[in-house]
Amino acid sequence: MKKLVFIAIVYMVSSCASDSEEDILQMAESCGTSVSFQSEVQDILTNNCAISGCHNGDNGSSRNYLIFDNVQNNSQAIRSRTSARTMPPSSSGITLTSGQIQTISCWVEQGSQNN
């Protein structure tokens with residue numbers, strides 16, 4: 001009986017969790033309009049990722065997300081880590097909104113273009 005109650009609780013909690021990686025990737029599959037790197041994605045990265053001590057070049061030039069080629073080369077990882085909510089790390093105090101995560105995911109889904 002205890003196992004059944006535990007399973008029921010786990011199911012209820014997991015079904016109430018919002019914006020799981022799977023949910024965000026499903027939203028990205030339904031991306032309608034073209035996402036612009038320059039007017040949408042770049043602002044998200046500049047304000048939340050390319051900050052001191054993170055992806056502004058402090059940790060190596062290839063991790064500098066102020067440079068488009070670095071962003072494009074890492075776009076799949078950026079999508080995966082933001083969708084899983086492991087980036088930005090919780091220790092940073094920065095949290096992306098569901099909309100920001102979906103924007104990044106849609107941009108990657110659409111080919112990570114410099115548009």
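The values are calculated or read from the model by the stated rules, or taken from the named source; none is laboratory data. All values derive from a computational prediction rather than experimental measurement. Cβ: placed from backbone, ideal geometry, glycine included. Neighbour counts: every protein chain shown. Quick note on the areas: whole protein, heavy atoms, side chains included, nothing else; ligands and nucleic acids left out. Shrake-Rupley method; radii C 1.70, N 1.55, O 1.52, S 1.80 Å.
When the criteria are applied in full, Phe37 fails the requirement of being surrounded by fewer than 17 Cβ atoms within 10 Å (Cβ to Cβ) and under 20 Å from Gln110 (Cα atoms).
Evaluate the following for Ser105: is it modelled with pLDDT of 95 or more and among the small types (Gly, Ala, Ser)? Please lay out each step first, then the result.
Details: modelled with pLDDT of 95 or more: yes; among the small types (Gly, Ala, Ser): yes.
Answer is yes for this residue.
Answer with yes or no whether Ser75 is touching a residue at least 12 places away in the same chain (Cβ under 8 Å), open to solvent by less than 30 Å² (accessible area, probe 1.4 Å) and of a type in the set (Gly, Ala, Ser). Against the criterion (touching a residue at least 12 places away in the same chain (Cβ under 8 Å), open to solvent by less than 30 Å² (accessible area, probe 1.4 Å) and of a type in the set (Gly, Ala, Ser)), Ser75 qualifies.
Looking across segment 80-102, the residues that are open to solvent by 30 Å² or more (accessible area, probe 1.4 Å) and within 14 Å of Val35 (Cα to Cα) come down to Gly99, Gln100, Gln102. Taken as a whole, the structure places Ile67 among residues that are on the phi < 0 side of the Ramachandran plot and open to solvent by 40 Å² or more (accessible area, probe 1.4 Å). With the condition being more than 13 Å from Ser112 (Cβ to Cβ) and at pLDDT below 95, I'd like the helices (runs of 4 or more DSSP H) fully within segment 1-91 carrying at least 3 qualifying residues. Qualifying helices (runs of 4 or more DSSP H): 2-16, 21-29.
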